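Let me begin by presenting the structure, written as structure tokens, before commenting on it.
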Amino acid sequence: DYWGIRHISKLALEGVIEGVADGIYSPETSVTQQDVLIMATRMMGLQSDVDNFASETVFPDFMLVDKYARNYVALALQKGLISTEQEKLRSQGTKSVGIWGQQKATREWVAEVVIRAIGKSALAQSLSNNPTAFTDNKQISSGAIGFVNAAVALEIVNGFEDGSFQPKGVVTRAQMAAFLSRSQKDSISLPERSKKGYLTSLTSGSIGIMDKDG
């Protein structure tokens, strides 16, 4: 009866998310920046690219990540989900402390990553000059306005009952699963375990589909 069970179950089946330990997802734990990028790249169907990543990426001192996340973050940089220039400016503005990858992801930062992951950056750009309808609109970073607007327009994120967005608020692992799950309807790519097509047969042991390749 947990509110996020459908989103979590779907993404787990797709191989997008994993637990923090054997059999434990820890939905109310804050999601880290490096784990957001792991989930986003998997949702984009890039797990094999991560596994076959050949070069050893050297991250700048302000943007260190844990070993298990290195290839994911490197690929996220390569695919434009984040940029070192933007992250450097952000870290200077927030005076962040500790390892970059282990820092808690904020709601506005997640909106940016998810919108880029589903290929909707152009929509965000078109909405970048429009103020959001949230009561704390002035607290949203200027560079994130368009992405928040796009995420709201695509019904990926929403605000709180008091009308606020809380852009600097942290995102839980359950909320992250929900954001990604809702975004998939607009994504231009699929996780590697997913197939899209018309259902042609269904038995207790198999599902048949007709996809674009027949």
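The values are calculated or read from the model by the stated rules, or taken from the named source; none is laboratory data. Not measured: the values here are computed from a predicted model. Only protein heavy atoms, including side chains, enter the accessible area calculation; ligands, DNA and RNA are left aside. Shrake-Rupley method; radii C 1.70, N 1.55, O 1.52, S 1.80 Å.
Go ahead and estimate [θ] at 222 nm for the chain from helices alone: -39,500 (n - 2.57) per DSSP H run with n ≥ 4, summed, over the residue count, rounded to 500.
Only helices count here, giving -11000 deg cm²/dmol.
Taking a cut-off of 27 Å between Cα atoms, list the lysines near Lys79, but don't count ones fewer than 8 places away on the same chain.
Straight-line reach from Lys79, under 27 Å: Lys10, Lys67, Lys88, Lys95, Lys104, Lys120, Lys168, Lys185, Lys195, Lys196, Lys212.
For the stretch 67-161, what is the per residue volume of the convex hull drawn over the alpha-carbon atoms, in cubic angstrom?
Per residue, the Cα convex hull of the stretch 67-161 comes to 118 Å³.
Going from the alpha-carbon gyration tensor of the chain, what semi-axes, largest first and in whole Å, does one get by taking the root of 5 times each eigenvalue?
Working from the Cα gyration tensor, I get semi-axes of 28, 22, 18 Å.
Step through the residues of the stretch 103-118 one at a time and calculate ³J(HN,Hα) from phi using the Karplus curve (6.51 cos²θ - 1.76 cosθ + 1.60, θ = phi - 60°), rounding each to whole Hz and writing x for Gly and Pro.
Values per residue, Gly and Pro as x: 5, 6, 6, 8, 5, 6, 5, 4, 4, 4, 4, 5, 4, 5, 5, 9 Hz.
Could you run the Debye sum over the Cα atoms of the stretch 113-214, one equal point scatterer each and no solvent, and tell me log10 of I(q)/I(0) at q = 0.17 Å⁻¹, two decimals?
-0.82
Tabulate in residue order the Karplus-calculated ³J(HN,Hα) for the stretch 65-72, using 6.51 cos²θ - 1.76 cosθ + 1.60 with θ = phi - 60°, rounded to whole Hz; enter x for Gly and Pro.
Coupling constants for the stretch 65-72: 9, 6, 4, 5, 9, 4, 5, 5 Hz.
When the Cα centres of the stretch 50-88 and the stretch 144-214 are compared, how far apart do they sit, in Å?
Centre-to-centre (Cα) distance: 24 Å.
What value does the stretch 1-85 have for Rg/Rh, both radii from Cα atoms and Rh as Kirkwood defines it?
Value, to two decimals: 0.99.
Could you state how much accessible area Lys196 has, in square angstrom rounded to the nearest 10, with a 1.4 Å probe and all protein chains kept in place?
150 Å²
Tell me the Kirkwood radius of the stretch 151-192: reciprocal of the mean inverse pair distance over distinct alpha-carbon atoms, in Å.
Computed over the stretch 151-192, the radius equals 11.6 Å.
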